[in-house]
């Protein structure tokens, strides 16, 4: 009798992980279906990849389809800067000089300032993120080099992500045949989510090795910039209505926009753990440059759907240790080796 009871108990233990995985997969498929409904209602194209970094749940919609990055590619520049700081080849306090040659139109403020102007690397990266400043982006690219940034992208295991050139500048190197189609950069929802996840979990060793002293502070500096990003019309739209400049946000994100493109990649600190979402809208019919652009609302619906499915009790800014994400990993077990 004891043996039979043990066999039955063992079968339960054996089947439990399988049942749990099936349940998680089923829940993910339900969210996949919801994302497809959001896409069907949008007059344009939508691709999405989302992951709960604590539970491993994922949801996807055409997540491996190459898309125009617009300014979302600036996330890869941020990752490369972190790698250079980790290697001791860069420092946030080092000085750069704004020149007339690097001033670019579009988003940002540096194009309107007198030159020459001294800025720290921290200033440049912060403006590149919080205002998506195109001039700051060109300064960062000059500091690090397109080829070096792309080498980091490749070392991180990304096969369909590329930074092609500086903003509003012709390419200075031979370009792949698909560059005219994608413009500034190319990526997929899955791969850009992976870039954000790497920063959130502070996995700066691109070969998969363990973190070393100083990594947490480097990642924290990057996450702090993303948390202070000022365009909240996309994924955060229906999630957060407080004055984040005073109270602190539960969301760090990087947006990108062209006439027919609205993109957003975010980490959202929730009561169920950190959630990463990469959402890209392309070929949009609505090309108005307003917060009520249809694509912005679509992105907002994606963010709300994912958070409601995985964290129905809402957001929790403390789910991420923004100044040192390795402390988050130590307390939640979220980091992946």
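Roughly what angle does helix 189-200 make with the longest principal axis of the chain, taking Cα atoms, 0 to 90 degrees, to the nearest 10?
Relative to the chain, helix 189-200 is tipped by roughly 90 degrees.
What is the Cα centroid distance between the range 242-259 and the range 160-181, reported in whole angstrom?
The range 242-259 and the range 160-181 have Cα centres separated by 28 Å.
On the principal axes of its Cα set, how long, how wide and how thick is the chain? Give whole Å, largest value first.
For the chain, the Cα spread along each principal axis is 85, 48, 45 Å.
Using only the alpha-carbon atoms, how far is helix 146-155 inclined from the longest principal axis of the chain? Give it as 0 to 90 degrees, nearest 10.
In the chain, helix 146-155 runs at an angle near 10 degrees to the longest axis.
By count of other Cβ within 10 Å, fewest leading, how are 128, 225 ordered? Display every interim value, and only then the final one.
Working: 128 30, 225 19.
Listed from fewest to most nearby Cβ atoms, that is 225, 128.
How long is the gain from residue 64 to residue 100 if the chain were fully straight, where each residue apart is worth 0.36 nm and the alpha carbon distance is subtracted?
Going from the current span to full extension adds 9.1 nm.
Where is the GNM fluctuation largest for the chain (alpha-carbon springs, 10 angstrom cutoff): 283, 60, 221?
283
Rg and Dmax of the range 97-150, using alpha carbons, in Å: what are they?
Cα only, the range 97-150: 10.3, 31 Å (Rg, Dmax).
Pull out the extension gain between residue 117 and residue 327, defined as 0.36 nm times the separation in residues minus the alpha carbon to alpha carbon distance; nm, one decimal.
71.9 nm
So if R0 is 30 Å, what FRET efficiency would residue 142 and residue 238 give, r being the distance between their Cβ atoms, rounded to the nearest 0.05?
The calculated FRET efficiency here is 0.20.
Roughly what angle does helix 121-130 make with the longest principal axis of the chain, taking Cα atoms, 0 to 90 degrees, to the nearest 10?
It is inclined by approximately 60 degrees.
Based on the Cα atoms of the range 150-295, what semi-axes does the equivalent ellipsoid have, where each is the square root of 5 times one gyration tensor eigenvalue, given in whole Å with the largest first?
Each semi-axis is the square root of five times an eigenvalue, giving 25, 24, 13 Å.
For n ≥ 4 DSSP H runs only, could you compute -39500 (n - 2.57) per run for the chain, divide by its residues and tell me the 222 nm figure to the nearest 500? Each step should come with its number before you reach the end.
On the way: 11 runs with 141 residues, N = 337.
Roughly -13000 deg cm²/dmol at 222 nm, from the helical runs in the chain.
Rg(Cα) of the range 227-293 divided by 2.2 N^0.38 Å? Don't skip to the end; give the middle numbers.
Details: Rg = 12.6 Å, N = 67, 2.2 N^0.38 = 10.9 Å.
Dividing the Cα Rg of the range 227-293 by 2.2 N^0.38 Å gives 1.16.
No lab work stands behind these numbers, since they all come straight from the coordinates. Everything quoted here is computed from the prediction, not taken from an experiment. Virtual Cβ from ideal backbone geometry, glycine too; neighbours counted across all protein chains shown.
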